[in-house]
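Some notes on the structure that comes next.
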């Protein structure tokens, strides 16, 4: 069997409010109805640090600063979505400190959302 591999890359922010992890609930795409860390794919030629802060704000309504990059990893797993059979998701994680904004109760759906 020939595998069709989808490769995704994203930067994700880890932050807390009152000792509770900030997560989002996906409302579309292959991860619909699942919880995820705020973050996502690069938007053109942007630095990783810009990506995580932009995505965090877009998805949560909160603004933040980066405390540190925590590391990177790659997950490979079977994935039956569209014509793909395997997904490799490469992730970079950042510890963030929230410094403003208002927490959104739902994620706005937009073109290119992962």
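The values are calculated or read from the model by the stated rules, or taken from the named source; none is laboratory data. This one's a predicted model, so the numbers in the text were calculated from it and none came from an experiment. Virtual Cβ from ideal backbone geometry, glycine too; neighbours counted across all protein chains shown.
Would you say residue 52 is surrounded by 11 or more Cβ atoms within 10 Å (Cβ to Cβ) and within 10 Å of the chain's Cα centre (by Cα)?
In short, yes.
Rundown of residues vs (1) modelled with pLDDT under 95; (2) within 19 Å of residue 9 (Cα to Cα), yes/no style:
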| residue | (1), (2) |
| --- | --- |
| 69 | no, yes |
| 72 | no, yes |
| 76 | no, yes |
| 82 | yes, yes |
| 91 | no, yes |
| 99 | no, no |
| 107 | yes, no |
| 112 | yes, yes |
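Could you list, in sequence order, all residues of the range 53-91 that are more than 18 Å from residue 6 (Cβ to Cβ) and in a strand (DSSP E or B)?
If the condition is that a residue be more than 18 Å from residue 6 (Cβ to Cβ) and in a strand (DSSP E or B), then 62, 63, 64, 65, 66, 67, 68, 69, 70, 71, 72 are the ones that fit.
Hey, does the range 102-110 have a residue that's touching a strand residue (DSSP E or B) at 6+ places or on another chain (Cβ under 7 Å), touching a residue at least 12 places away in the same chain (Cβ under 8 Å), crowded, with 16+ Cβ neighbours inside 10 Å and not in a helix (DSSP H, G or I)?
yes
If I ask for residues that are in a loop (DSSP other than H, G, I, E, B), on the phi < 0 side of the Ramachandran plot and free of Cβ contacts under 8 Å to residues at least 40 places away in the same chain, which ones from the range 17-39 would you list?
23, 32, 34, 38
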